[in-house]
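The values are calculated or read from the model by the stated rules, or taken from the named source; none is laboratory data. Just so we're clear, the structure is a prediction, and the values are computed from it rather than from any experiment. Cβ sites come from the backbone with ideal geometry, for glycine too, and all protein chains shown count toward neighbours.
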Amino acid sequence: MQIDEGTIVILIALAVIIVLLSVLFTFVPVMLWISALAAGVKIGIFELVGMRLRRVVPARVVNPLIKAVKAGIDLDTSRLEGHYLAGGNVDRVVNALIAAQRANIELSFERAAAIDLAGRDVLEAVQMSVNPKVIETPFIAGVAMDGIEVKAKARITVRANIDRLVGGAGEETVIARVGEGIVSTIGSQDYHKKVLENPDMISQTVLSKGLDSGTAFEILSIDIADIDIGKNIGAELQTDQAEADKKIAQAKAEERRAMAVAQEQEMKARVEEMRAKVVEAEAEVPMALSEALRKGHMGVMDYMNYQNVLADTDMRDSISKSTDDSKGNQGNQGNQGNQK
């Protein structure tokens, strides 16, 4: 079966038309344009093509615009497109505007866009303005003046402050400030029992300090959820101080003992030195006697009398020693008799 040239030309023309239509419908969002017209949003087909040329996804702008128009919010494509090109989430901003309008909260597109570009969830902020959020702190420990540790856990009810969302501190700052207030309140009490008897005193004192200044939230209430007794920090500190004092005293005593031992050794050395001098002096006595005999300063009788004196001295020493030994033996016998 042969196909004439006219049929081939028609088939080629149909293929080209199909390709051109595919490219057209791919590049030009015709269905999105029809949806916008059906929703009452006036937008031109060439404006959608311009979005493609500016590397803007038309659906990310047109669909939020349709929601805004249906909600009665006056917006245009230029502002939405500019926010998209700045890296913002257009759909979330429009949802926040709709939620704020329904809750009768004044919120402009510029402020919502600024909050979104600041990295905060503007829709969550609007929802938090309507429905406050509860932030629970971990156990925060404080020490009363009597040295007892008190642990408290608080629940902070906050509401988003839309005017301070840009540049305002977050939840971490609120938790840190509340923790500081709890610690200072517990530490200012004379006895820990006062805190246990009236835990509401902590929340009232902390709430009166205006801890939400400079933050993106407004603190509505601070409630003490749990309170418990911790360690006896005062006793532990006194124990540690006593242990340290004992070690210091031991070190000083050891130092004094070492000095005494050193002084004792020094005295022993001096005694030995004096004994050496005595022995040296005694060794010179025979030499002096011989020298006196040789020079005639001392006679033979004088020398004999000197020897007799030495013998008498030795005899007296031996007699005194024997007398002391006999008295000691009698004393021991008397003690043994008494014991019997």
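Considering the range 152-174, and only residues there that are closer than 30 Å to residue 235 by Cα and either in contact with a helix residue (DSSP H, G or I) (Cβ under 9 Å, 6 or more places away or on another chain) or of a type in the set (S, T, N, Q) (or both), the residue that is surrounded by the most Cβ atoms within 10 Å (Cβ to Cβ) turns out to be 154.
Let's see how each residue does on (1) surrounded by 10 or more Cβ atoms within 10 Å (Cβ to Cβ); (2) in contact (Cβ under 8 Å) with a residue 24 or more places away in the chain; (3) in contact with a strand residue (DSSP E or B) (Cβ under 6 Å, 6 or more places away or on another chain); (4) closer than 30 Å to residue 140 by Cβ:
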residue	(1), (2), (3), (4)
230	yes, yes, yes, yes
236	yes, no, no, yes
245	yes, no, no, no
248	yes, no, no, no
253	yes, no, no, no
258	yes, no, no, no
261	yes, no, no, no
268	yes, no, no, no
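The residues on offer are 122, 158, and the sole one that is of a type in the set (A, V, I, L, M), more than 30 Å from residue 192 (Cβ to Cβ) and either touching a His at 6+ places or on another chain (Cβ under 8 Å) or touching a residue at least 40 places away in the same chain (Cβ under 8 Å) (or both) is 122. Give 120, 92 a once-over and let me know the one that is part of a loop (DSSP other than H, G, I, E, B) and outside the structural domain of residue 223 (by TED's automatic domain parsing). Selected residue: 120, the only one of 120, 92 that is part of a loop (DSSP other than H, G, I, E, B) and outside the structural domain of residue 223 (by TED's automatic domain parsing). The lone criterion from (1) more than 21 Å from the chain's Cα centre (by Cα); (2) crowded, with 20+ Cβ neighbours inside 10 Å left unmet by residue 131 is number (2). Among the residues of the range 208-228, how many are touching a residue at least 60 places away in the same chain (Cβ under 8 Å), surrounded by 13 or more Cβ atoms within 10 Å (Cβ to Cβ) and of a type in the set (D, E, K, R)? Residues meeting the conditions: 2.
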